[in-house]
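Trainee: Submitted below is the structure of interest, expressed as structure tokens.
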Amino acid sequence: MNKVKQFTKKGKVADYIPALSLANPADVAVSIYDGTNTCFSEGNHNQLFTLQSISKVLTLALALMDHGEEVVFSKVGMEPTGDPFNSISKLESQIPSKPLNPMINAGALAVTSLIKGSSNEEKLSRLLDFVRELSGNRSIQFNKEVAQSEFETADLNRALSYFMKQHGVISGDVDELLDLYTKQCAIEVNCEDLAKIGYALAHQGEHPNDKYSIIPSEIARLVKTFMVTCGMYNASGEFAIRVGIPAKSGVSGGVVGAVPGNIGIGIYGPALDDKGNSIAGMKLLELLSSRYQLSIF
Ligand code: DON
């Protein structure tokens, strides 16, 4: 931990969502879960933070469980972009204009629009129950201030949504979709919750303590593959080479890692690098991977 703490000084806390700028850039924490009911943790692992883009992995799994591959991949592709997560450029140049993958904002918005439920309350409550089950933590909630702060400043995501609505990728009210999307991004966890979610994904969708199946193994496999190809935004290629662990980051500074058949890793470090990944978190994962030979390649 001491080896990576210094890197926090080189990063910057996300401030395009005003509520995220309140995080302490010096924070770094890690939890590792191996299925034995206790997490190994270092740093402030009780610190709560919001899932942000890590939620994209979970909504993808839920949408696939709700509708199956054919429906989901008629709305969103499977290819990495090499562009920043909020880029609009490929939407316009791509024919048909469906988003390239579910880990960029456009793709995640399309996936969120597929979650089953008769109202946003029901959809959010299904998603929260899913996250609670995967982490084994029944008390998980979403942070209202962070959700509201993003909702008020989400004009780029609104633009992406209107573009997709015009092109028939999504239907329905855009602000309703933004309401659900910003709440999903504001779901609050700590490192231990993330490590357990990582463990569930690493173990074909099994409950982290009770070992029954939550996510069908084929969907868990598919989700981990997206984590490898697109999980760390446009740094996914370098991350695969340096770390080689299926992982997904969020602009709050969280990272979930799922070492197939092995451990789940939860990281928090809100100081971000220029691609939007936790700067100390990336370093920590690199060290862990090399010391314990965790790369899947
Ligand atoms: O849509 C947004 O801008 C945020 N709620 C999530 C962004 C994030 O974590 C990075 N996305 N890949």
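Trainee: Any idea which of Leu20, Asn2, Ser55 is furthest toward the positive side of the dipole for the range 1-66, if Lys and Arg beta-carbons carry +1 and Asp and Glu beta-carbons -1?
Mentor: Among Leu20, Asn2, Ser55, the one farthest towards the positive end of the dipole of the range 1-66 is Asn2.
Trainee: On alpha-carbon atoms, Rg over Rh for the range 88-157 using Kirkwood Rh? Present the calculation step by step, with values, prior to reporting the outcome.
Mentor: Working: Rg = 14.8 Å, Rh = 14.2 Å.
Expressed as Rg/Rh, it is 1.04.
Trainee: Suppose we look only past 18 Å in the calculated P(r) of the range 230-287. What percent of the Cα-Cα pairs does that tail hold?
Mentor: Details: 313 of 1653 pairs.
Of all Cα-Cα pairs in the range 230-287, 19 percent lie more than 18 Å apart.
Trainee: If each of Asn46 and Asn120 carries a label point 7 Å out from its Cα toward its Cβ, how far apart are those two points in nm?
Mentor: For the pair Asn46/Asn120, the computed spacing is 3.3 nm.
Trainee: Another one. Quick one: angle between helix 217-230 and the longest Cα principal axis of the chain, in degrees between 0 and 90, rounded to 10, please.
Mentor: Compared with the principal axis, the helix lies near 90 degrees.
Trainee: Let's test this: bin the Cα-Cα distances of the range 155-256 at 10 Å from zero up to the farthest pair and state each bin's percent.
Mentor: 14, 32, 37, 17, 1
Trainee: To the nearest 20 Debye, how big is the dipole of the chain about its Cα centre, given +1 on the beta carbon of each Lys and Arg and -1 on that of each Asp and Glu?
Mentor: Numbers: 27 positive and 32 negative charges, 147 e Å.
Its charge dipole is roughly 700 debye.
Trainee: Give the peptides 257-270, 188-201 in descending order of average Cβ contacts within 10 Å, highest first. It would help to have the intermediate numbers written out before the result.
Mentor: On the way: 257-270: 25.5, 188-201: 27.8.
Highest to lowest by the protection proxy: 188-201, 257-270.
Trainee: Given labels modelled 7 Å from the Cα in the Cβ direction, how far is it in nm from Gln6 to Ile88?
Mentor: 4.2
Trainee: Shifting gears a bit: Between the range 218-237 and the range 125-168, what's the alpha-carbon centroid distance in Å?
Mentor: Answer, in whole Å: 20.
Trainee: Here's another thing I want to ask about it. In deg cm²/dmol and to the nearest 500, what is the mean residue ellipticity at 222 nm of the chain if only DSSP H runs of at least 4 residues count, each as -39500 (n - 2.57), divided by the residue total? Display every interim value, and only then the final one.
Mentor: Numbers: 13 runs with 133 residues, N = 297.
Helix contribution divided over all residues of the chain: -13000 deg cm²/dmol.
Trainee: State whether the range 1-58 is rounded, prolate or oblate according to the following rule on the C-alpha gyration tensor (a ≥ b ≥ c being the square roots of its eigenvalues): a/c under 1.5 gives rounded; otherwise a/b larger than b/c gives prolate, and the remaining case gives oblate.
Mentor: Working: a/c = 2.36, a/b = 1.28, b/c = 1.85.
Note, shape of the range 1-58 comes out oblate.
Trainee: Relative contact order for the chain using alpha-carbon pairs under 8 Å, separation at least 6, rounded to a whole percent?
Mentor: Working: 651 pairs, mean separation 83.4, N = 297.
Once normalised by length, the contact order is 28 percent.
Trainee: Related question: Over the Cα atoms of the chain, what radius of gyration and what Dmax do you get, in Å?
Mentor: Rg, Dmax (Cα atoms, Å): 17.4, 50.
Read the figures in this text as sums done on the coordinates, not as results from a lab. The structure presented is a predicted model; accordingly, all values stated were derived computationally and were not measured. We place every Cβ from the backbone using ideal geometry, glycine too, and count neighbours over all the protein chains shown.
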